[in-house]
Amino acid sequence: MSEVVNERYELNKNLAQMLKGGVIMDVTSPKEAEIAEKAGAVAVMALQKVPADLRKEGKVARMADPKIILEIKSAVSIPVMAKVRIGHFVEAQILEALGIDYIDESEVLTPADEEHHIDKWKFKAAFVCGARDLGEALRRIQEGASMIRTKGEAGTGNVVEAVRHLRRINKQIAYAASLSEDELYAYAKELGVSYELLKKTAQLKRLPVVNFAAGGIATPADAALMMQLGADGVFVGSGIFKSKNPEKRARAIVMATTYYNDPKILAEISYDLGEEMEGIDLRSLSEHELLSLRGN
Amino acid sequence: MKTIGVLAFQGGVIEHVKKIEELGAKPQLVKKEEDLKGLDGLILPGGESTTIGKFLIETGLKDHILNLINEGMPVWGTCAGAILLSKYIKDQGSGVLPILDIVIERNAYGSQLDSFKKEVFVPRFNIATECIFIRAPKIVEVSEGVEVLAELETPIAVLQKNILATTFHPELTSQNYWHSFFVKNVVK
């Protein structure tokens with residue numbers, strides 16, 4: 001890896017570091033972006049439809065129209081992220097040309113490539129990718145992701161998968177940290193990741209990049225739960241704009257992410273937020289409806 | 001032992017905490033009024049200035065911190081923190097803690113693609129320090145009484161009595177020059 005690429009990667013990791021402790025919100029219009037910024041979001045994710053609608057429609061979901069992305073970009077002063085399909089490096093080239101702050105190679109959109117993720121080292125732009133376990137997270141980092149988010153199950157309003165993924169990653173890191181060097185070689189092979197990266201993770205006792213929780217977070221308590229489990233911050237999608245009072249709920253989720261350790265404040269924040277998004281029992285979904293299984 | 005507060009709503013909090021510990025001072029996370037008690041100095045970290053500013057207003061910490069700064073408490077804003085302390089933000093009014101006599105322009109270099117790292121000579125330290133600019137602001141005007149400590153075409157580090165501001169992020173490097181300067185020279 002050249003020094004220039006390395007320096008660019010460090011700068012991209014640095015931006016994620018500055019987002020820590022914050023909430024990143026999915027938005028589909030300049031108006032929603034303004035609501036998110038006003039509520040205290042640290043960044044917005046520009047996309048054509050929120051995950052709950054993408055899920056309902058079951059059609060091919062692609063990168064948002066640059067018109068929407070640029071309108072959102074000019075509506076707010078906080079960083080703007082946008083999603084591309086897994087493996088769709090041309091969509092990523094377009095977002096880079098638009099000067100987007102972070103690209104999310106996301107399983108929420110329909111994957112464009114069933115075998116390959118984007119070679120993110122070829123880009124100057126920063127990338128965030130989803131992961132369900134340590135192997136997946138480190139593979140994405142190897143490909144050049146400078147931020148990770150747990151996948152959860154987007155568009156369900158059900159936090160159970162986000163919890164599962166974060167707990168699994170934490171457990172696997174603790175396990176890696178308990179291994180001797182020779183055992184680490186075997187574990188790296190089992191996870192399909194490089195020995196060096198696994199060793200670094202074991203030494204740090206955390207992922208070497210910022211890790212946000214995502215997928216199914218719908219209430220302030222959900223956000224605080226993910227923070228107490230060790231997430232560096234939270235992504236919120238349909239949970240806000242599918243509830244009755246998006247402004248109030250967005251603000252509450254931002255507050256809960258900061259005061260995640262203070263039950264008294266959390267009780268105040270959660271009070272009288274109005275009707276929340278309808279949740280989906282994940283057992284009612286068949287395997288092809290699960291977004292988190294996309295990309296590995 | 002000096003106790004240095006780090007405003008902990010959001011952003012590069014842990015990075016500052018580690019630096020303070022390395023220098024043998026005691027870090028104190030600040031999220032509520034009672035966390036301000038007994039501080040020898042306060043750091044406002046990088047992050048999103050709109051987000052952090054909102055918390056400052058809604059928690060009422062804004063007035064408490066302003067009072068403490070007026071009474072002489074040393075304060076240091078890095079990046080977003082520098083914006084919060086500025087009396088004037090270009091085209092946007094003022095910072096939430098408008099006490100530093102400068103005009104600052106938010107996001108002045110462009111998007112994340114324009115973030116960069118550069119070594120800049122600091123006359124006061126007689127050494128070049130590594131400066132990391134992440135979606136950084138630019139100080140476009142400085143009033144009398146504000147000392148410019150470092151420049152990269154425009155001022156990037158300024159000192160006005162007990163108020164230090166840097167538009168870059170010393171907490172993201174392996175160096176300790178700026179933290180050492182704040183803890184030893186600004187915090188008395």
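For the stretch A:201-212, putting each phi into the Karplus relation 6.51 cos²θ - 1.76 cosθ + 1.60 with θ = phi - 60° gives couplings of 4, 5, 5, 6, 6, 6, 4, x, 10, 5, 10, 9 Hz, in residue order, rounded to whole numbers and with x for Gly and Pro. Around the Cα centre of the protein assembly as shown, unit charges on the Cβ atoms of Lys, Arg, Asp and Glu (plus for the first two, minus for the last two) sum to a dipole of about 420 debye. Rounded to the nearest 10 square angstrom, residue A:149 shows an accessible area of 10 square angstrom against a 1.4 Å probe. Annotation: aspartates and glutamates with alpha-carbon distance below 13 angstrom to residue A:242 (same-chain offsets under eight excluded): A:26, A:32, A:53, A:275, A:276, A:278. For residue A:26, the amide hydrogen comes within under 5 Å of the amide hydrogens of A:45, A:236, A:237, counting only partners 5 or more places away or on other chains and with H modelled in the peptide plane. Rounded, prolate or oblate, given the Cα gyration tensor of the stretch B:1-117, with a/c below 1.5 counting as rounded? Oblate, since a/c reaches 1.5 and b/c is not below a/b. So which of B:19/B:188; A:205/A:264; A:38/A:67 end up more than 24 Å apart, counting from Cα to Cα? As for pairs spanning more than 24 Å Cα to Cα, those are A:205/A:264. With θ taken as phi - 60° and the Karplus curve 6.51 cos²θ - 1.76 cosθ + 1.60 applied, the whole-hertz 3J(HN,Hα) list for the stretch B:178-184 is 6, 5, 5, 4, 5, 5, 8 Hz, x standing for glycine and proline.
Of the cross-linked pairs A:13/B:90; A:83/A:122; A:13/A:151; B:117/B:138, which ones have a Cα-Cα span greater than 21 Å in the structure shown? Distance filter (> 21 Å) returns A:13/B:90. Considering the zone a paramagnetic label at residue A:195 would reach in this model (a point 7 Å from Cα along the Cα-to-Cβ line), which residues of the stretch A:147-188 have amide N under 14 Å from it? A:180-188, by backbone N distance to the label point.
Dividing the helix sum by the residues of chain A, where each DSSP H run of 4 or more adds -39500 (n - 2.57), gives a mean residue ellipticity at 222 nm of -13500 deg cm²/dmol. Converting phi to 3J(HN,Hα) with the Karplus coefficients 6.51, -1.76 and 1.60 and the offset θ = phi - 60°, the stretch B:67-81 yields 4, 5, 5, 4, 7, x, 5, x, 9, 9, x, 9, 6, 4, x Hz in sequence order, with x at every glycine or proline. If you wrap the tightest convex hull around every Cα atom of the protein assembly as shown and split its volume per residue, you get 146 Å³. For residue B:94, nonlocal amide neighbours, meaning residues 5 or more places apart or on other chains whose placed amide H falls under 5 Å from its own, are B:89. Taking amide hydrogens as placed 1.01 Å from N in the peptide plane, the amide H of residue B:122 sits under 5 Å from those of B:127, B:128, B:129, each at least 5 positions away in sequence or on another chain.
The values are calculated or read from the model by the stated rules, or taken from the named source; none is laboratory data. Remember, predicted model here, so these are calculated numbers, not experimental data. All Cβ positions, even for glycine, are placed from backbone atoms using ideal geometry, and neighbour counts span all protein chains on display. Just the protein is used for accessible areas: all its heavy atoms, side chains included, with ligands, DNA and RNA removed. Shrake-Rupley method; radii C 1.70, N 1.55, O 1.52, S 1.80 Å.
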